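Notes follow once the structure below has been shown.
Nothing in this text is a laboratory measurement; each read-out follows from the coordinates by a stated rule. All of these numbers come straight from a predicted model, not from anything done at the bench. Positions of Cβ are generated from backbone atoms using ideal geometry, with glycine treated the same way; all protein chains shown enter the neighbour counts.
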Amino acid sequence: MIVTGRVLLLPSQRQKRSSHSRGTTVYNVVISGTGLYTPANSISNDELVESFNTYVHRFNSENAAAIEAGEIQPLPESSSAFIEKASGIKSRYVTDKAGILDPERMVPRIPERSNDEWSILCEMSVKAAEEALARAGKTAADIDGVIVACSNLQRAYPAVAIEVQAALGIKGFGFDMNVACSSATFGIQNAVNSIKLGQARAILMVNPEICTGHMNFRDRDSHFIFGDACTAVIIEREDLATSAQQWDVISTKLVTEFSNNIRNNFGFLNRAAEEHMNDPDKLFIQEGRKVFKEVCPMVAELIGEHLAENDIAVESVKRFWLHQANLNMNHLIVRRLLGRDATEEEAPVILDTYANTSSAGSVIAFHKHQDDLPSGSLGVLSSFGAGYSIGSVILRKR
Ligand code: COA
C-alpha cells in the first residue's frame, strides 16, 4: 500500500517489526476459514403471527369477563407487516418449529440429552467448525485452542468449548465466553492476541446460538426478533495459513458501557428466590426503541475511530459486515459513517432470512459475502448488543 511515495505499514506490520527489534516475535494473524450451520426448519412471519394471534384470541376469550370488567387489558394482535417494516425480518431458522408454533406451548421442544451424548451446542458447533476447517485447509491437529463465544450457554460447566475439543479431537485449551451479541468479535480479539503472542498456532472460535430458547414467544414486542444458527471462524498465524481465501486481521477494537436496556436475569441464583423463577425477566427483555437510539451512534463512533486510528479512510472500506438485529439500525449506522446510504453490496443483509442470531449474525454476513471481493479489499466486521458491548474488526483480503 503506497501513500505519497512512502510505504504505509499496517499496524500489524509495524508491531511485527518493533517486536522483532525487542527480540520477541509477534505473529501476524489471518482469518483463514469460516463455517456456518443453519437449522433445517424456518418460520415465516405469517406462521409466527398466526400462532401468536391464536394465543391472543384464546387468552382474550378465556379472560372475557375480567376484560369486560376492566380488570385486565385485552392482548393486542401481532402483525407481519409491522415486523417486516420495524425490523427487516421476514423469516428465521429454528431448532424446533413445532414447539414454537404450538399456541399451547410457544417454547421450542429440545429434549434433554444424556451425559454420554454430545450436547446440542457442541453438535452445532462441530457442524460449523467442520466447514471452517475444510475452508481453512486445516485438521484438528493444526488447532491449539477452542473458544465458544455466545449469548446463551446451556450449562454451567464443564465448558462447552472443552466438549467441542473432544468431539473434534483438538488438543490444547478451550474456554467459553459470553458478551451477548458481541461475543464473536470479542472472541476474535481473544484468539488474535493468543496467536500474536505465540500461545497458539490457530484457534477455532465458534458461536452456537439457540436464541429461540431465551425468547418469550408470548411477548408481542419481541416474539419475532431471534433465530438460531452457529458460525465458526479459524484464526491462524499468517505464516502457517494455506487457504485460498485469507483475511489479514489489521486491528480489533472493543468497547462496553453498562445498560439495562437489553437484559436477561436467568441464572444459577434464580432457585434461591423461587417466587420469581418464572418471571418474564428470566428471558430476553429489551427497551427496543432506547437500544436503537443509543447503540447506533456508539457503533458508528467506534468504527469511525477505529478506522482513523489505523489511517484508513471510511470510503476505502469495501464492506461492512454488521451485526444483524435490525435493518433500519444497520442503514443508520452506515449512513452516519459514509454520509450516504450504503448499497446492499457494501452492507450485506442476512437478517431477512435468519432474523437476529446474536453473535453469529455478523459472521454469517461475512461467511456469505466475502468471495466476490478482490485481493486488497478492506472490510469491517462489527457486532453490537447487550452490555452494551460493541466490537470492530478491520480485515484486509490477502
Ligand atoms: N405487531 C404489531 N404492532 C406492534 C408489534 C407487533 N408485533 N410490536 C409492537 N407494535 C406496536 C407498538 O405497540 C407501537 O404501537 P403504538 O405506536 O400504537 O404505541 C408500535 O408498534 C411501535 O412500537 P415500538 O416498540 O416503538 O417499535 P419500534 O419501531 O421501536 O420497533 C424493534 C421495535 C424491537 C423492532 C426496534 O425497536 C428494534 O429493533 N430495536 C433495536 C433492538 C436491538 O437491536 N436489540 C438488540 C438485541 S440483541
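If I filter the stretch 92-102 for residues that are of a type outside the set (A, V, I, L, M, F, W, C) and closer than 15 Å to Asp46 by Cβ, do I get at least one hit?
Within the stretch 92-102, one or more residues are of a type outside the set (A, V, I, L, M, F, W, C) and closer than 15 Å to Asp46 by Cβ.
Among the listed residues Ile162, Ile195, Ile147, identify the single one that is free of Cβ contacts under 8 Å to residues at least 24 places away in the same chain and of a type in the set (A, V, I, L, M).
When all the criteria are applied, what remains is Ile162.
Could you tell me whether Gly361 is surrounded by 23 or more Cβ atoms within 10 Å (Cβ to Cβ) and not aliphatic (A, V, I, L, M)?
So Gly361 passes the test.
Residues that are under 17 Å from Arg135 (Cβ atoms), touching a helix residue (DSSP H, G or I) at 6+ places or on another chain (Cβ under 8 Å) and of a type in the set (Asp, Glu): does the stretch 234-244 have at least one?
The answer is yes, given that some residue of the stretch 234-244 is under 17 Å from Arg135 (Cβ atoms), touching a helix residue (DSSP H, G or I) at 6+ places or on another chain (Cβ under 8 Å) and of a type in the set (Asp, Glu).
For the stretch 245-256, enumerate the residues that are under 18 Å from Leu204 (Cα atoms) and of a type in the set (A, V, I, L, M).
Val249
Filter the stretch 214-231 down to the residues that are within 11 Å of the ligand (Cβ to nearest atom) and out of contact with any strand residue (DSSP E or B) (no Cβ under 6 Å at 6 or more places or on another chain) and list them by number.
His214, Asp219, Arg220, Asp221, Ser222, His223, Phe224
Out of the stretch 356-381, which residues are more than 13 Å from the ligand (Cβ to nearest atom) and of a type in the set (S, T, N, Q)?
Within the stretch 356-381, Gln370, Ser375, Ser377 qualify.
Yes or no, residue by residue, for (1) farther than 28 Å from Asn45 by Cα; (2) surrounded by 18 or more Cβ atoms within 10 Å (Cβ to Cβ):
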{"position": "Ile333", "(1), (2)": "no, yes"}
{"position": "Glu345", "(1), (2)": "no, no"}
{"position": "Pro348", "(1), (2)": "no, yes"}
{"position": "Thr357", "(1), (2)": "no, yes"}
{"position": "Phe366", "(1), (2)": "no, yes"}
{"position": "Ser392", "(1), (2)": "yes, yes"}
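Restricting to the stretch 198-207, name every residue that is away from the ligand (no atom under 16 Å from the Cβ) and either touching a residue at least 60 places away in the same chain (Cβ under 8 Å) or farther than 23 Å from Ala159 by Cβ (or both).
Matches in the stretch 198-207: Gly198, Ala202, Ile203, Leu204, Val206.
Provide a single number: the residues in the stretch 100-147 that are part of a helix (DSSP H, G or I) and of a type in the set (A, V, I, L, M, F, W, C).
15
Only helices (runs of 4 or more DSSP H) wholly contained in the stretch 262-355 count here; list those with 3 or more residues that are more than 15 Å from the ligand (Cβ to nearest atom), touching a residue at least 12 places away in the same chain (Cβ under 8 Å) and touching a Ser or Thr at 6+ places or on another chain (Cβ under 9 Å).
In the stretch 262-355, the matching helices (runs of 4 or more DSSP H) lie at 288-309.
For the stretch 165-223, give me each residue that is part of a helix (DSSP H, G or I) and over 19 Å from Val30 (Cβ atoms).
Gln165, Ala166, Ala167, Leu168, Ser183, Cys211, Thr212, Gly213, His214 - these are the residues of the stretch 165-223 that are part of a helix (DSSP H, G or I) and over 19 Å from Val30 (Cβ atoms).
Just one of (1) out of contact with any Gly (no Cβ under 9 Å at 6 or more places or on another chain); (2) surrounded by 16 or more Cβ atoms within 10 Å (Cβ to Cβ); (3) within 25 Å of His367 (Cα to Cα) trips up Asn60, so point out which.
Here Asn60 meets the rest and fails (3).
Being within 30 Å of Thr95 (Cβ to Cβ), among the acidic types (Asp, Glu) and either surrounded by fewer than 18 Cβ atoms within 10 Å (Cβ to Cβ) or out of contact with any Leu (no Cβ under 7 Å at 6 or more places or on another chain) (or both): is that true of Asp341 here?
So Asp341 does not fit the description; no.
Is at least one residue of the stretch 248-259 more than 16 Å from the ligand (Cβ to nearest atom) and free of Cβ contacts under 8 Å to residues at least 24 places away in the same chain?
Looking for residues that are more than 16 Å from the ligand (Cβ to nearest atom) and free of Cβ contacts under 8 Å to residues at least 24 places away in the same chain, one finds none in the stretch 248-259, hence no.
Does the stretch 187-200 include one or more residues that are among the charged types (D, E, K, R) and surrounded by fewer than 20 Cβ atoms within 10 Å (Cβ to Cβ)?
Checked the stretch 187-200: no residue is among the charged types (D, E, K, R) and surrounded by fewer than 20 Cβ atoms within 10 Å (Cβ to Cβ).
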